[in-house]
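Here's the structure we're looking at; comments come further down.
The values are calculated or read from the model by the stated rules, or taken from the named source; none is laboratory data. Everything quoted here is computed from the prediction, not taken from an experiment. Cβ coordinates were reconstructed from backbone atoms using ideal geometry, including for glycine residues, and neighbour counts include every protein chain displayed.
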Amino acid sequence: MLEYKTCVRCVMDTTDPDIRFNEQGVCNYCEEAESLLSSFKFTPGKEQENLKTLAERIKSDSKGKYDSIVGLSGGVDSSYVAYLAREMKLNPLCVHFDNGWNSEIAVSNIKKIVNKCGFDLETYVIDWPEFRDLQRSFFKAGVVDIEMLTDHAIMATMFQLRKKYKIKYILSGSNYVTEHGMPTSWLWRKQDLPNIKDIQKKFGTKKIKNFPTMNSIKFQLSKMLGLGGTYIEILNNINYSKAMAMEVLKKEFEWEYYGGKHYESVFTKFYQAYFLPEKFNYDKRKVHLSAQIRNGEITKEEALKDLLEAPYEPTQLRIDKQYVLKKLGFSDEEFEDIMNAPPKNHLDYASDEWIFNIWRKLRRKKKDA
Ligand SMILES: [Zn+2]
């Protein structure tokens, strides 16, 4: 069996091909977090002040019916964003993106939250036959980031709805404290539309017609010029932790936990806890647990104990695997071949990465000058 070198502080190891260690054996993620994490710690007074300032800014800039938009998945982060929006007396439009895989618990959480907060909810339902064909294509292509399809579509949908309702602010659940330290090789840039198109052209049976898209340049430009709205990472303005958020959500909304980060969708669970570890040897639990260690929520020993357990409970895996394969229309043999085929890089397909390489070079030059 291959032996992996593990960081002396966290549980990240050389299953991440780009990890680096200093002389003391501390990984680059721990080193980076050491300087950054402190900027996300606030006194209770400062927290209140941050939220108050944000609320004033959002309210004073609002022109239409809604002052902001929240993508609500029913998971911890987005649910807590909705909770904060209520506390800040905002009136967001909540958007639920239904890609065909959301668990009943997630949907019930969403309903509980919008009902109690009195927020409007718009549900975007994906063209399932087309989306299913795209997901099949990504599996056949052998690339790592199959979730980029959902992330891309959410991004494009939020952009369209924001425009339709003339909303400036997007309240995002992204946050440094619980999400930092994700190896870049474990995912792909979500905006890479040429990549999606090329993979679909090579492996799909349907043309992209209704799947919401947005090209990178438009996305980048609108972000730079503020045309795509302003993203507010609200959770980066408070002392955020999952444990604290879950406690509040349970109390306020009778919100239910579905177990595991991002497991609010059956597909995401299957993808993270089976597909990634089995095909790529990437176990995202290591990233999430390491973030918790650095944040002082758990000890390394506790994390190691967690990792001793299989990422998927075997009986549940059998049930979920059967469900996912049937829904995607793969036979057992077909899927076995997909799992056994050598992994491919997203750059084995068309991509607009070259534009971003030029962009990064220019930025570096500007920095060095
Ligand atoms: Zn580390």
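Among the candidates 279, 286, 197, the residue that is assigned to a helix (DSSP H, G or I), touching a strand residue (DSSP E or B) at 6+ places or on another chain (Cβ under 8 Å), touching a residue at least 60 places away in the same chain (Cβ under 8 Å) and within 24 Å of residue 344 (Cβ to Cβ) is uniquely 286.
Residues are listed down the side, and each one gets a yes or a no for (1) polar (S, T, N, Q); (2) in contact with a helix residue (DSSP H, G or I) (Cβ under 6 Å, 6 or more places away or on another chain); (3) assigned to a helix (DSSP H, G or I):
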residue	(1), (2), (3)
297	no, no, no
302	no, no, yes
307	no, no, yes
318	no, no, yes
321	no, no, yes
325	no, yes, yes
337	no, no, yes
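Do we have any residue at all in region 94-106 that's surrounded by fewer than 21 Cβ atoms within 10 Å (Cβ to Cβ), closer than 28 Å to residue 255 by Cβ, free of Cβ contacts under 8 Å to residues at least 24 places away in the same chain and more than 16 Å from the ligand (Cβ to nearest atom)? The answer is yes; a qualifying residue exists. Per this entry, residue 66 is not counted among residues that are away from the ligand (no atom under 16 Å from the Cβ), touching a Leu at 6+ places or on another chain (Cβ under 9 Å) and closer than 30 Å to residue 266 by Cα. Within region 16-31, residues that are touching a residue at least 24 places away in the same chain (Cβ under 8 Å) reach partners that are near the ligand (Cβ under 10 Å from one of its atoms) and of a type in the set (A, V, I, L, M, F, W, C) with beta carbons closer than 7 Å, at six or more positions or on different chains, in the pairs 19/12; 19/27; 29/10; 29/12; 30/7; 30/10. Out of region 45-63, which residues are touching a residue at least 12 places away in the same chain (Cβ under 8 Å) and either small (Gly, Ala, Ser) or over 22 Å from residue 170 (Cβ atoms) (or both)? Answer for region 45-63, where residues must be touching a residue at least 12 places away in the same chain (Cβ under 8 Å) and either small (Gly, Ala, Ser) or over 22 Å from residue 170 (Cβ atoms) (or both): 55, 62. Residues in region 1-60 that are basic (Lys, Arg) and more than 16 Å from the ligand (Cβ to nearest atom): 41, 46, 52, 57, 59.
Against the list (1) in a helix (DSSP H, G or I); (2) surrounded by 12 or more Cβ atoms within 10 Å (Cβ to Cβ); (3) more than 16 Å from the ligand (Cβ to nearest atom); (4) not aromatic (Phe, Trp, Tyr), the condition residue 311 fails is (1).
Checking the stated criteria, residue 219 turns out not to satisfy the condition of being part of a helix (DSSP H, G or I), touching a helix residue (DSSP H, G or I) at 6+ places or on another chain (Cβ under 9 Å) and closer than 30 Å to residue 14 by Cα.
Put simply, of 77, 133, 145 the only residue that is within 24 Å of residue 215 (Cβ to Cβ) and within 15 Å of the chain's Cα centre (by Cα) is 145.
Residues of region 235-256 that are farther than 20 Å from residue 40 by Cα and in contact (Cβ under 8 Å) with a residue 60 or more places away in the chain: 249, 252, 253, 254, 255, 256. Picking from residues in region 323-369 that are touching a Pro at 6+ places or on another chain (Cβ under 6 Å) and of a type outside the set (D, E, K, R), the one that is surrounded by the fewest Cβ atoms within 10 Å (Cβ to Cβ) is 350. Just for region 1-13: of the residues that are surrounded by fewer than 16 Cβ atoms within 10 Å (Cβ to Cβ) and modelled with pLDDT of 95 or more, which one is farthest from residue 186 (Cα to Cα)? That would be 8.
Taken over region 30-54, the criterion of being small (Gly, Ala, Ser) and within 21 Å of residue 83 (Cβ to Cβ) is satisfied by 45 alone. Look at residue 161 and say whether it is away from the ligand (no atom under 16 Å from the Cβ), in contact with a helix residue (DSSP H, G or I) (Cβ under 9 Å, 6 or more places away or on another chain) and aliphatic (A, V, I, L, M). No, not satisfied. Taking residue 190 as the residue in question, decide whether it is assigned to a loop (DSSP other than H, G, I, E, B), under 19 Å from residue 77 (Cβ atoms) and modelled with pLDDT under 95. For residue 190, the condition - assigned to a loop (DSSP other than H, G, I, E, B), under 19 Å from residue 77 (Cβ atoms) and modelled with pLDDT under 95 - is met.
In this structure, is residue 214 under 17 Å from the mean Cα position of the chain (by Cα), farther than 25 Å from residue 334 by Cα, outside any helix (DSSP H, G or I) and aliphatic (A, V, I, L, M)? Against the criterion (under 17 Å from the mean Cα position of the chain (by Cα), farther than 25 Å from residue 334 by Cα, outside any helix (DSSP H, G or I) and aliphatic (A, V, I, L, M)), residue 214 does not qualify.
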